[in-house]
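Derivation of every value follows stated rules applied to the coordinates shown; laboratory data play no part. All values reported here derive from a predicted model rather than from experimental measurement. Cβ: placed from backbone, ideal geometry, glycine included. Neighbour counts: every protein chain shown.
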Amino acid sequence: MKIASKNFRDRLPIVGVMGSGTSSHEDRASRLGRWLARQGVHLLTGGGGGVMTSVSKAFYETPNRQGSVIGIIPCQEDSMHPKPGYPNKWVEIPIYTHLPLSGTRGTELGSRNHINILSSDLIIALPGGPGTVSELELAWQYQRPVIAYLNSPDEIAGIPGQIPVHIDFGEVCKFVESILSKPDVKNESHE
């Protein structure tokens with residue numbers, strides 16, 4: 001089912017996919033990327049490797065997609081240059097930041113994770129580490145709709161208990177469709 005953008009003031013919704021920067025989790029990330037590309041949304045990631053590359057590549061290569069691949073790019077701590085490996089080659093709209101912090105420091109104000117979460121209409125988490133945990137904590141703090149697509153909660157050590165975890169891809173799709181079908185999701189999430 002393709003989601004119409006009329007509920008988003010004639011703009012495509014932005015779906016943030018968060019996950020490991022080193023492990024690709026290719027099967028799930030690619031499946032999710034292809035499905036999202038057919039939903040009439042933009043894809044937002046942190047713009048790096050691992051899950052970010054896998055989901056971006058699948059989204060980018062899906063024929064007849066409407067949305068773009070957006071990457072929120074961190075800088076190096078000692079310069080304003082992007083961190084090595086950023087953006088991955090599938091990012092069409094790189095948003096370069098002056099924000100170097102990540103991992104266990106991902107909830108601090110010097111992290112791009114705030115932009116990742118606040119710019120997304122909803123968040124889907126794939127397996128990841130401390131950076132993914134911090135993004136999920138921020139999603140909860142900023143009251144963004146969020147779901148984790150995991151085989152078990154152990155795939156994100158320290159995942160906040162209030163984040164719903166689903167192994168079934170169909171359930172993840174239903175969640176996304178239910179959120180995207182609501183009028184004005186961005187305003188709702190700030191109330």
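What to note about this one:
- Region 10-167 - share of DSSP beta bridges that are antiparallel (%, nearest 5): 5
- Label point distance in nm, Glu26-Gln162, each placed 7 Å from Cα along Cα→Cβ: 3.8
- Surrounding net charge for Thr107, when Lys and Arg each add one and Asp and Glu each subtract one, Cβ distance under 15 Å: 0
- Cα shape, region 21-81, gyration tensor, a/c 1.5 rule: oblate
- Note on Gln76/Leu118: beta-carbon distance plugged into 1/(1 + (r/R0)^6) with R0 of 25 Å gives a FRET efficiency of 0.65.
- Comparing Cα centroids, region 92-151 and region 60-84 end up 14 angstrom apart.
- Global geometry of region 109-191, whether rounded, prolate or oblate, following the gyration tensor of its Cα atoms and the 1.5 cut on a/c: oblate
- The largest-to-smallest principal axis extents of the Cα set in region 10-167 are 40, 35, 31 Å.
- Among the trypsin sites (Lys or Arg not before Pro) in region 60-167, those placed in a DSSP loop whose Cβ has at most 11 other Cβ atoms within 10 Å are Lys89.
- Close Lys-Lys pairs in the chain, where close means Cα under 24 Å and separation is 8 or more or interchain: 12
- Residue-averaged [θ]222 nm for the chain, counting only DSSP H segments that reach four residues, each worth -39500 (n - 2.57): -9000 deg cm²/dmol
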